[in-house]
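The values are calculated or read from the model by the stated rules, or taken from the named source; none is laboratory data. These numbers were taken from a predicted model, which means no experiment stands behind them. Cβ placement follows ideal geometry from the backbone for every residue including glycine, while neighbour counts extend to all protein chains displayed.
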Amino acid sequence: MKIPERNNVDQKDKWDLSKLFKTEQEWETALNNLNKEMGKVDQFRGTLGSSAARLKDFLDLMTGLEMLSERLGNYAFLKTSEDAGNSSNQDRMARYMRSASNLASALSFFNPELQSIDDTVMNEYLSDTLLKDYLITLKKILRFKPYILSDKEEKLLAMQSESNQTPSKVFSALTDVDLNFGEVETPEGKVPLSQSTFGMLLIHKDRSVRERAYKQFYAVFENHKNTLSSLYSGSVLLDTYKAKVRGYSSVRAMRLFPDNVPETVYDNLIDTIHRNLPLLHEYYSFRKKTLSVKSLKHWDVYVPLVQSVETHYTYEEAVETILKALSPLGEEYCSTIKTGLIGGWVDKYENKGKRSGAFSSGGYIGDPYILMNYKETVLRDLFTLAHEGGHSMHSWYSVRNNPFQHYSYTIFEAEVASTFNEQLTAKYLLDNAEDNTMKAYIIGKQLDDIIATIFRQTMFAEFEHKAHQAVEGGTPLTVDSIRTMYRSLLESYFGEEMDIEEVSDLEALRIPHFYRAYYVYKYATGLSAAIALSRKVLTGGEKERNDYLGFLKSGGSKYPLESLKAAGVDMESPAPIDDAMKVFKDLFTDLKEYLH
């Protein structure tokens, strides 16, 4: 099948960006207005503490500028995503990024100046009705006061921001561009081996293909292990430096502070997963037996245990299936997502130059757009559409129930709304499966998702915590120390059934999320919360549904643990993780029944 050029894609299969800007000229005019209006910012410098009215005037200006910038940036990003090869799209994105950088520079005085206002004066401002629309935002910013430095020190840190990205940028350039992984011979022909195709090859039904891909891939990392370990060590050193400079007790404390997440949540996750590792080990033993292999290798743990399932859902059929699955969420939710999925939110199919994968990108103005590369014979694409639809509906509710200044929810919360929809979709497909093979396939996918999102991300979280603790304790990270630390975790999580390769611990050097410290745990907590909430909605009534919808509506008005607790899930307790493990056990029991 020939991949079409962008201009040959049917309009009905494209997203409708007219709610952002109707014409290119309208975007240009808005960019000019942003550049012009940001010139007004400097007149407020040094005056924010003079009165509540003056502070409000500045916040009104800043909010308007940020709202316009978000709208401009979202349009530029979406246009680039639909066709990155289009020079006009590249030029538009570059010009927007320049303006956004100028805006950030112009507004950089705000935080230090706000924090410098006397506490007594600030408390008077916060009780003034003039600032009621900004109360949540101001209180969130003021929490950081103990960690804000002087103007000169903050300026120095800000000037380092671009150079601080060097480890991450070099890692991406090295692993995504410069490293040559060669090609892998498959029954279908030669396949170029890369970061993106590696995962696809590890689920190939031919075991020899999986083995070749694995060994060939990690041989390249072996040849560059010193460079990669130096990059990661540099990233951890930067994290440690920033935490010390600002006065945080640790990097973890610094990273969890913005979401107001206690460090005990992190520890609870790791401890609870450790208690349940025997269950994971039992699964790997079953996998070894089912695959009929003498020795379970790393290239055997991702391939689906059921491969004979064939499905075909047109895009429209996928939407109808998702709507039936999401019916417990009520009429408003279902009618809204239906209108969006078939009426302009989604860019549906692949075209030349289009970004791979899928995402949801919702702003305060415009629709919560979804990029897909939908394929009718790939059942996972139906789940992906449900997943991205969850993100988009989260945005839709957040926008309609919050002002711009605190409509944006955290990543901690975002992963709940998306995986919640996947849970309901899996339940519907399982209930309506035609035979045990299909049921086994769906259950196998759910088990794989829990392993990938809860077990595996917790292992990642445990590794990066150990790595940061080592550096904070004065122990440098080296190739050998990184590999030893990571191998110990591989042995712990995979258990005795896994025959771990000598190069397997090099996985520690290829995970891009490690350059965004203390981020991956949110995937594990997100899916755990989604499993708990989906079961509440499926087994409950109107109250449980409204509690969940209330979570979607809360946007950024609360801290994530507060919004989830209001919906009925206490993530400060180990209970949601334990409950997710019980679900894993029940699914595993069902899988064994269907496959034997």
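Here are the numbers for the structure shown:
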quantity: Any hit, the range 487-510, residues being farther than 30 Å from K294 by Cβ and either without any contact (Cβ under 8 Å) to a residue 40 or more places away in the chain or hydroxyl-bearing (S, T, Y) (or both); calculated: no
quantity: Residue within the range 449-468 that is over 26 Å from I531 (Cβ atoms) and crowded, with 19+ Cβ neighbours inside 10 Å present; calculated: yes
quantity: Criterion (without any contact (Cβ under 8 Å) to a residue 60 or more places away in the chain, part of a helix (DSSP H, G or I) and within 30 Å of V583 (Cα to Cα)) met by exactly one of H387, H394; calculated: H387
quantity: Cross-chain or 6+ apart pairs with Cβ under 6 Å, the range 153-178 first and more than 23 Å from P192 (Cβ to Cβ) and part of a helix (DSSP H, G or I), then modelled with pLDDT of 85 or more and of a type outside the set (A, V, I, L, M); calculated: E154/P112; A158/S108; P167/G234; P167/S235; S168/Y515
quantity: Pair list, Cβ < 9 Å and 6+ apart or interchain, from the range 328-351 residues that are free of Cβ contacts under 8 Å to residues at least 24 places away in the same chain and over 15 Å from T314 (Cα atoms) to residues that are small (G, A, S) and surrounded by fewer than 21 Cβ atoms within 10 Å (Cβ to Cβ); calculated: C334/S327
quantity: Residue match in the range 348-365 (condition: at positive phi, part of a loop (DSSP other than H, G, I, E, B) and in contact with a Phe, Trp or Tyr (Cβ under 9 Å, 6 or more places away or on another chain)); calculated: no
quantity: Selected residue (only one of L126, L114, L149, L103 is surrounded by 14 or more Cβ atoms within 10 Å (Cβ to Cβ), free of Cβ contacts under 8 Å to residues at least 60 places away in the same chain and farther than 30 Å from Q195 by Cα); calculated: L126
quantity: Of all residues making up the range 564-595, the number that are surrounded by fewer than 18 Cβ atoms within 10 Å (Cβ to Cβ), assigned to a loop (DSSP other than H, G, I, E, B) and touching a residue at least 24 places away in the same chain (Cβ under 8 Å); calculated: 2
quantity: Any hit, the range 158-165, residues being buried (at least 18 other Cβ atoms within 10 Å of the Cβ) and within 29 Å of the chain's Cα centre (by Cα); calculated: no
quantity: Helices (runs of 4 or more DSSP H) wholly inside the range 222-287 containing at least 1 residues that are closer than 19 Å to V583 by Cα; calculated: 263-275
quantity: Residue within the range 78-86 that is crowded, with 17+ Cβ neighbours inside 10 Å, among the small types (G, A, S) and modelled with pLDDT of 95 or more present; calculated: no
quantity: Residue check for A461: part of a helix (DSSP H, G or I), within 29 Å of V236 (Cβ to Cβ) and at pLDDT 95 or above; calculated: yes
quantity: Matching residues, the range 512-552, being outside any helix (DSSP H, G or I) and not hydrophobic (A, V, I, L, M, F, W, C); calculated: R516, Y518, Y519, G540, G541
quantity: Selection within the range 17-30 - among the aliphatic types (A, V, I, L, M) and crowded, with 19+ Cβ neighbours inside 10 Å; calculated: L17, L20
quantity: Boolean, L382 is over 19 Å from A567 (Cβ atoms), out of contact with any Gly (no Cβ under 9 Å at 6 or more places or on another chain), aliphatic (A, V, I, L, M) and modelled with pLDDT of 95 or more; calculated: yes
quantity: Filter result for S534 (more than 21 Å from W396 (Cα to Cα), crowded, with 22+ Cβ neighbours inside 10 Å and touching a helix residue (DSSP H, G or I) at 6+ places or on another chain (Cβ under 7 Å)); calculated: no
quantity: Among (1) in a loop (DSSP other than H, G, I, E, B); (2) at pLDDT 95 or above, the one test that Y302 misses; calculated: (2)
quantity: Selection from the range 210-226 of residues that are crowded, with 17+ Cβ neighbours inside 10 Å and touching an Asp or Glu at 6+ places or on another chain (Cβ under 8 Å); calculated: R210, R212, Y214, Y218
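Yes/no per residue for (1) among the β-branched types (V, I, T); (2) under 22 Å from K445 (Cβ atoms); (3) at pLDDT below 95:
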position	(1), (2), (3)
E320	no, yes, no
G340	no, no, no
N351	no, no, yes
A358	no, yes, yes
Y369	no, no, no
N401	no, no, no
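So that you can scan it fast, the table gives a plain yes or no per residue for (1) among the polar types (S, T, N, Q); (2) in a helix (DSSP H, G or I):
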{"site": "A53", "(1), (2)": "no, yes"}
{"site": "D60", "(1), (2)": "no, yes"}
{"site": "L68", "(1), (2)": "no, yes"}
{"site": "L72", "(1), (2)": "no, yes"}
{"site": "Y75", "(1), (2)": "no, yes"}
{"site": "L78", "(1), (2)": "no, yes"}
{"site": "G85", "(1), (2)": "no, no"}
{"site": "R95", "(1), (2)": "no, yes"}
{"site": "S99", "(1), (2)": "yes, yes"}
